1. Please tell me if residue 143 is under 24 Å from residue 247 (Cβ atoms), part of a strand (DSSP E or B) and either open to solvent by 30 Å² or more (accessible area, probe 1.4 Å) or of a type in the set (Asp, Glu) (or both).
2. Can you tell me which residue is most open to solvent (accessible area, probe 1.4 Å) among those in segment 29-57 that are more than 18 Å from residue 250 (Cβ to Cβ) and not hydroxyl-bearing (Ser, Thr, Tyr)?
3. Identify all residues within segment 87-105 that are outside any helix (DSSP H, G or I) and without any contact (Cβ under 8 Å) to a residue 40 or more places away in the chain; write none if there are none.
4. If residue 113 satisfies all but one of (1) of a type outside the set (Ser, Thr, Tyr); (2) free of Cβ contacts under 8 Å to residues at least 60 places away in the same chain; (3) open to solvent by less than 60 Å² (accessible area, probe 1.4 Å); (4) under 17 Å from residue 239 (Cβ atoms), what's the number of the condition it fails?
5. Considering every residue within segment 42-53, establish whether at least one is part of a strand (DSSP E or B) and without any contact (Cβ under 8 Å) to a residue 40 or more places away in the chain.
6. Limited to segment 58-81, what total is found for residues that are of a type outside the set (S, T, N, Q), open to solvent by 10 Å² or more (accessible area, probe 1.4 Å), out of contact with any strand residue (DSSP E or B) (no Cβ under 7 Å at 6 or more places or on another chain) and outside any loop (DSSP other than H, G, I, E, B)?
7. Looking at segment 123-140 only, could you name the residues that are open to solvent by less than 50 Å² (accessible area, probe 1.4 Å) and small (Gly, Ala, Ser)?
8. For segment 3-26, which residues satisfy the criterion of being under 13 Å from residue 217 (Cβ atoms) and either open to solvent by 60 Å² or more (accessible area, probe 1.4 Å) or modelled with pLDDT under 95 (or both)?
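The values are calculated or read from the model by the stated rules, or taken from the named source; none is laboratory data. Only a predicted model underlies this, so the values are computations on that prediction, with no experimental measurement involved. Positions of Cβ are generated from backbone atoms using ideal geometry, with glycine treated the same way; all protein chains shown enter the neighbour counts. All accessible areas refer to the heavy atoms of the entire protein, side chains included, with ligands and DNA or RNA removed. Shrake-Rupley method; radii C 1.70, N 1.55, O 1.52, S 1.80 Å.
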Amino acid sequence: MTYTDSHCHLYDTRGVPVDDVIAAARAAGVTTMINVGCDAATTEQAIAVAATHADIFATAGLHPHEAKHGVDTILPYLDDPGIVAIGECGLDYFYDHSPRDVQREVFAAQIQLAHERSLPLVIHTRDAWDETFDILDAEGTPERTIFHCFTGGPSDARRCLDRGAYLSFSGIVTFKAATDLHESARLCPVERLLAETDSPYLAPMPHRGKTNQPAFVTHVVQALADLRGAPLDDVRAATVANACLAFPGIRP
């Protein structure tokens, strides 16, 4: 049984040697990991890790927290042949680490980069659903768009799905209190379902409170199967196949 972690940050392992984290993932059956950049430095690091591991792939993006640095800072990395997506990018109005107008400008610019380069788009949105959709509609939602660490309720899920997007569920879906998210996980068509860790953040039950790692994506997939009343292997296989469709540059 193989698994795909559609979103992790392997350049941040909180002091654990990255080779140990990768080995633990492989031992758990995680055969594909998408290592997501958040700015110029982490994009460069993501590329470096991916370059030495055939089962790891890199993205290039400017997280809304880092939008103040300008989208030009990631442009040099987009020509790397190992890049499989633009992002993570989007809007974060919870922390507002970058001015909102700058976040909007940089998000729109990265949507256009996804169009120009025919690359998937990985979206981070927090407390900004309406404006996220407004910008996507204005710029045109890329053919392959992934809402990473999806945390919305059913109405948000439907708006994403109406735009043809994939919903990528993280360890939050294992939390008992996340009832709206559970409903979203049930209504998501199986062909739009992805599983991720967002490691080192958001470790799933039974590891909540610990440093997350790609090996724990198995718990996310199990939770999705339980919520949907579906066989584990069916959901696991769907998330693996969907990742290959969402990110055509990866190998299964």
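1. The answer is no for residue 143.
2. Here the answer is 44.
3. Within segment 87-105, 89, 92, 93, 94, 95, 96, 97, 98, 99 qualify.
4. Only one criterion is unmet by residue 113, namely (4).
5. No, because not a single residue in segment 42-53 is part of a strand (DSSP E or B) and without any contact (Cβ under 8 Å) to a residue 40 or more places away in the chain.
6. 7
7. Hits for segment 123-140 are 128, 140.
8. Scanning segment 3-26 gives a single hit, 26.
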